[in-house]
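Below is one structure, written out as structure tokens, with a few remarks after it.
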């Protein structure tokens, strides 16, 4: 996923509800909250992608 697209969709709140899949969805509310908590949206694209991969792990 393009990081600019991720930033734009996460700013809108991501998905409405978590689907509880094994690896979290790309725009799951839990993943968006973890990225906000880590202040990952202030980072560059490479660091954001690494934080995004880490946030998706259960």
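Just so you know, all these numbers are worked out from the coordinates, no wet-lab data involved. None of these values were measured; they are calculated from a predicted model. Using ideal geometry, Cβ is built from the backbone for each residue, glycine included, and neighbour counts are taken over all protein chains shown.
Relative to the longest principal axis of the Cα atoms of the chain, the long axis of helix 45-56 lies at roughly 20 degrees.
The alpha carbons of the chain stretch over 28, 22, 20 Å along the principal axes, in descending order. Along the Cα-to-Cβ line of residue 4, 7 Å from the Cα, sits a label point; which residues in segment 34-58 have backbone N less than 18 Å from it? Zone members listed by number: 41-49. Multiplying the residue separation of residue 50 and residue 22 by 0.36 nm and subtracting their alpha-carbon distance yields 8.2 nm. Only helical runs count toward this figure. For the chain, summing -39,500 (n - 2.57) over DSSP H runs of n ≥ 4 and dividing by all residues gives -15000 deg cm²/dmol at 222 nm.
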